[in-house]
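Novice: Let me begin by handing over the structure; questions about it come next.
Quick note: the coordinates plus some simple rules give every number you see, no bench work behind them. As the structure is a computational prediction, the values presented were derived from the model and not from experiment. Heads up, the Cβs are rebuilt from the backbone with ideal geometry, glycines too, and the neighbour counts pull from every protein chain shown.
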Amino acid sequence: MGTGAIPPEEGSVMDATAGPPTAPPTASVAPRPEHGALAQFMLSLIKAMIQTGYYAADHPEAKKALSSLYREFRQVIGDRSELTCLLAGTQSGRAILIDGYEATPLSLDQVMMKGMAQLFTPKFTEFFDRWALLSFSLKADLTAEEFQAFVELMAQLPVAGPDTGHERQRLTQALLDHHILHISTVFNDDLVGRERRLSWRVQMALSRLRRDLRMLPLYQRATPEQLRRIKIQIIDDVVRPVRAPELLTEFLLNCDLVAADIAVLEETQVEREVMARLSKEMLPLTLRQFLKDLDRVAATREGPSPEMTRRLDILRGIVERLRAEGCAIEHDLLESLLERQVVSLEDLPPDLRRTVETSRLTEAFLAAKDAHLAALGRIAADAAGTRLAALVSQVFPELLRRRDYQVVAELLRAIREGARDPATSPLLERLAAQLRQAAADEQSIAGAIEDLGRQDKAGRSRLVEILAFIGDAAGPGLVEAYATSDNRSVRVDAFEALRQIGVCALNPFLARLPDIEREWPMICHALLAAADLGDTSLAQAIAKFLHHPHAHVRQAALTACFKLEGARAEPRFLEALRDRDAAVRQAAVECLGRAQSRHAQTLEFYARCLDLADPAAPREDDAVLLQVCQAMASLGGRSPEEASRAEAMLLAAMQPSEQKGLLGRLKKGHHRHSDKVRASLCKTLGTVGTARAVGLLGHMAATERSQVGEAARAAARQIQERASRSATV
């Protein structure tokens with residue numbers, strides 16, 4: 001094996017004998033509808049080669065075959081950079097693969113109907129064999145004239161030659177003679193790395209790159225600038241399909257195969273050119289893969305070796321490219337590079353050097369964490385205290401970046417407890433402000449919010465504490481996390497953090513809550529918990545839920561409004577007396593009773609509920625009536641007039657209703673309310689009633705054996721005792 005060779009992936013091993021590269025097996029599946037245009041183009045291409053071979057180029061049948069082929073190519077290529085047809089070895093023989101149409105190659109069997117593929121694959125393979133061809137790539141900027149000339153050349157009959165390579169030379173020269181610049185070909189003789197057991201995709205990419213670069217000297221009329229552009233385009237075309245970091249690592253390690261006998265480039269130049277064409281997204285991924293490969297080689301060899309030196313050189317090249325592009329190198333990658341001596345601390349730019357130093361300082365802090373936390377609790381406003389505060393300020397953002405939330409929470413608790421001491425409070429409050437500012441960057445907040453869904457209950461509690469400490473800056477992210485999460489625990493914790501942050505975070509949240517929450521218990525919890533803060537500036541946002549479609553939410557909104565505004569929310573409660581749901585009306589009555597409302601609408605509602613003189617009138621729900629009785633108990637505490645009015649309403653409600661007409665005179669009246677309500681009426685009379693209620697209560701106590709009789713007896717006794725006390729006074 002060569003210096004840069006690495007073991008191939010399972011199932012993608014190239015046999016060391018001559019022949020096409022061995023491709024991994026492709027699944028045998030029926031052609032998909034989205035492959036229709038590709039299937040039609042491949043069928044037309046093969047037919048065109050066959051018919052052009054039968055007829056002269058100017059024959060009507062040959063012209064007919066070529067007429068629509070280029071249009072089909074333009075339709076298939078779309079926004080793709082190129083389309084490659086490749087002859088590959090498989091376990092069952094040979095197959096035609098089509099690369100560049102999708103992320104992974106497609107076999108002709110996957111594209112065409114089974115019968116068509118079985119008929120045309122051998123015919124297409126004949127053209128590859130005729131020219132000892134492994135692959136050809138049709139580039140997106142291929143012209144119609146180039147395409148037609150290429151099909152005509154492929155269809156030509158073989159000519160006997162002096163050696164096995166004459167077919168390659170003949171087709172190559174013909175392509176140059178016809179100025180076909182946008183088709184790349186790879187022949188059997190171009191295949192490199194047979195002895196290295198490379199993965200088939202890397203082997204083909206290296207072979208094509210070597211082949212295309214060897215063609216550069218043939219562009220005799222090209223200027224140096226044109227040659228430079230052509231070279232860049234060649235490398236772009238070859239590297240673009242090699243997307244996986246594992247393949248890119250293998251590709252870069254075997255670039256020596258490309259540089260062999262190429263006058264225009266040296267091996268290191270090839271590597272630099274390839275690295276220069278890697279996308280920003282692939283650079284860090286490839287860097288990680290190279291570090292893994294470096295560890296693999298280091299584990300099998302002791303001391304310096306050509307393999308290690310080569311890998312270190314490539315790694316340094318990737319690092320340089322990352323720095324040139326201004327890409328951030330993640331902390332763990334940076335530490336790995338330093339540990340493996342790919343780079344030294346002195347070689348790093350100032351910002352990366354500070355990053356490494358902060359990371360190492362954090363390690364030292366964690367090694368003596370308990371001692372630092374204890375010192376923080378008794379910090380003094382002296383030189384030692386100032387140094388400790390500075391240390392905590394430096395390591396706090398790094399701890400957040402590492403997601404070491406337990407230590408962060410311990411730090412916050414130590415600061416909070418220490419701040420209770422007046423002697424240490426000023427210093428720790430200043431430190432807390434610095435930490436809050438340092439933690440308020442988007443990356444730290446996004447990481448903490450993202451981790452809400454990954455932590456256990458204790459971990460989520462720590463995150464809530466941290467996000468609440470960060471404060472206003474975390475609000476928008478928490479609202480968005482609540483809006484997008486299907487996990488109820490995440491939503492509960494996101495809300496709790498918002499609640500702890502306060503009104504500035506809750507108002508935007510409550511404004512979006514109807515649209516982002518479909519579970520009414522969650523909405524009720526949010527409204528009541530927000531109201532517990534006691535900040536009246538939340539009342540307006542909560543009051544909007546009084547019109548929510550769900551009754552439980554309207555009920556919770558009433559309770560929340562009372563918590564925040566008390567009697568000032570009376571207009572909201574009066575409006576809720578007209579709600580269509582009895583539970584909401586009951587909540588409204590409860591709030592009015594607790595507010596000791598004497599509003600005319602309140603009293604009118606009480607009277608209408610209790611006085612059912614008209615049997616045809618709609619009856620109020622018993623739960624509401626029971627709440628009305630409780631509310632009326634407060635009416636006797638203000639003035640004799642109010643107590644008298646309440647007593648009259650209660651006595652009227654307890655009188656049996658009379659039926660009209662002749663039969664009504666013959667029958668006894670029926671009770672207006674259920675026994676449960678009548679018992680509650682008696683209890684309320686016991687609170688606000690006077691001597692004129694005792695007679696009715698006594699009669700009920702004597703004639704009724706249910707809970708009503710017991711309640712009437714207790715109420716009469718309560719009135720009499722109150723009258724006796726008044727007489728004594």
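Novice: On C-alpha positions alone, give me the angle between the axis of helix 144-155 and the longest principal axis of the chain, in degrees, nearest 10.
Specialist: So the inclination is approximately 60 degrees.
Novice: Then there's this: Over all directions, how big on average is the projection of the convex hull of the alpha-carbon atoms in the chain, in square nanometres? Write down the numbers at each step before the final one.
Specialist: Details: hull surface 227.6 nm².
Quarter of the Cα hull surface area: 56.9 nm².
Novice: Give me the orientation-averaged projected area of the Cα convex hull of the range 322-429, in nm², one decimal.
Specialist: Values: hull surface 31.3 nm².
With the hull built on Cα positions only, its mean projection is 7.8 nm².
Novice: Calculate how steeply helix 36-54 sits against the longest principal axis of the alpha-carbon atoms of the chain, using the helix alpha-carbon long axis, and give the answer as 0 to 90 degrees to the nearest 10.
Specialist: Around 10 degrees separate the two axes.
Novice: Right, another one. What is the gain in length, in nm to one decimal, between Glu346 and Leu333 on full extension, counting 0.36 nm per residue of separation less the C-alpha to C-alpha distance? List each step's numbers first, then the result.
Specialist: Details: separation 13, 0.36 × 13 = 4.68 nm, distance 1.68 nm.
Additional length available on full extension: 3.0 nm.
Novice: Treating the Cα atoms of the range 485-603 as identical point scatterers in vacuum, please give the log10 of the normalised Debye intensity I(q)/I(0) at q = 0.18 Å⁻¹, two decimals.
Specialist: For the range 485-603 at q = 0.18 Å⁻¹, log10 I(q)/I(0) is -0.87.
Novice: Just to be sure I follow: if Rg is taken over the C-alpha atoms of the range 120-195 and Rh is the Kirkwood radius over the same atoms, what is Rg/Rh?
Specialist: On the way: Rg = 12.7 Å, Rh = 13.2 Å.
My calculation of the ratio gives 0.96.
Novice: Next question, about the same structure. What list of ³J(HN,Hα) values in whole Hz, one per residue of the range 113-126 in order, does the Karplus curve 6.51 cos²θ - 1.76 cosθ + 1.60 (θ = phi - 60°) give from phi, with Gly and Pro shown as x?
Specialist: Each residue of the range 113-126 in turn: 5, 4, x, 4, 4, 5, 7, 9, 4, x, 5, 5, 4, 4 Hz.
Novice: What are the extents of the Cα atoms of the range 540-597 along their three principal axes, listed from largest to smallest and rounded to whole Å?
Specialist: Principal extents (largest minus smallest coordinate, Cα): 27, 23, 14 Å.
Novice: Going through the cross-link list Lys369/Lys457; Lys64/Lys139; Lys544/Lys676, which pairs have a Cα-Cα distance over 27 Å in this structure?
Specialist: Those over the limit are Lys544/Lys676.
Novice: Moving to a separate point now. Can you work out the base-10 log of I(q)/I(0) for the range 404-546 at q = 0.11, 0.21 1/Å, using the Debye formula on its C-alpha atoms alone?
Specialist: Here log10 of I(q) over I(0) equals -0.43, -1.27.
Novice: With all distinct Cα pairs included, what does the Kirkwood hydrodynamic radius of the range 97-159 come out to in Å, to one decimal, could you say?
Specialist: Details: mean 1/r = 0.0747 Å⁻¹.
13.4 Å is the Kirkwood radius here.
Novice: How would Ser107, Ser336 line up from fewest to most surrounding beta-carbon atoms within 10 angstrom? Can you show the working numbers first?
Specialist: Working: Ser107 22, Ser336 19.
By the 10 Å Cβ count, ascending, the order reads Ser336, Ser107.
Novice: Ok, one more. Name the residues whose placed amide hydrogens come within less than 5 Å of the amide hydrogen of Phe187, ignoring near sequence neighbours (fewer than 5 apart) on the same chain.
Specialist: Leu134
Novice: Using the alpha-carbon atoms, what tilt in degrees (0 to 90, nearest 10) does helix 200-214 show relative to the longest principal axis of the chain?
Specialist: 50
Novice: Taking all pairs of distinct Cα atoms, average 1/r, flip it, and tell me the Kirkwood hydrodynamic radius of the range 90-241 in Å to one decimal place.
Specialist: So the Kirkwood estimate lands at 16.9 Å.
Novice: Expected output is a single nm value to one decimal: the length gained when fully extending between Met113 and Ser67, i.e. 0.36 nm times separation in residues minus the C-alpha distance. What is it? If you can, show how the numbers build up before the last one.
Specialist: Working: separation 46, 0.36 × 46 = 16.56 nm, distance 2.40 nm.
Extending this stretch completely gives an extra 14.2 nm.
Novice: Further, regarding this structure: Beta carbons within 10 angstrom, averaged per residue: use that to sort the peptides 67-79, 386-398, 297-309, highest first.
Specialist: Numbers: 67-79: 14.4, 386-398: 17.6, 297-309: 11.8.
The packing order, highest mean first, is 386-398, 67-79, 297-309.
Novice: Suppose every K and R has +1 on its Cβ and every D and E has -1 on its Cβ; what is the size of the dipole of the chain about the Cα centre, in Debye to the nearest 20?
Specialist: Working: 92 positive and 97 negative charges, 697 e Å.
Once rounded to the nearest 20, the dipole reads 3340 debye.
Novice: A further question follows. Tell me what the chain gives for mean residue ellipticity at 222 nm when only DSSP H runs of n ≥ 4 count, each as -39,500 (n - 2.57), the sum divided by the residue total, rounded to 500 deg cm²/dmol.
Specialist: On the way: 37 runs with 460 residues, N = 729.
Value at 222 nm, helices only, nearest 500: -20000 deg cm²/dmol.
Novice: Could you compute how fast the range 284-348 diffuses translationally, taking Rh as the Kirkwood radius over C-alpha pairs and applying Stokes-Einstein at 37 °C with viscosity 0.692 mPa s? Give it in µm² per second. It would help to have the intermediate numbers written out before the result.
Specialist: Numbers: Rh = 12.1 Å.
Stokes-Einstein gives a translational diffusion coefficient of 271 µm²/s.
Novice: Sticking with this structure for a sec: Would you please put 628-634, 138-144 in order of how densely packed they are, using the mean number of other Cβ atoms within 10 angstrom per residue and starting with the highest?
Specialist: Details: 628-634: 23.0, 138-144: 16.4.
Result, highest mean first: 628-634, 138-144.
Novice: Related question: Order of 510-522, 215-227, 547-559 by packing, highest average Cβ count within 10 Å first? Present the calculation step by step, with values, prior to reporting the outcome.
Specialist: Values: 510-522: 15.2, 215-227: 10.9, 547-559: 20.1.
Put in order of decreasing packing, that is 547-559, 510-522, 215-227.
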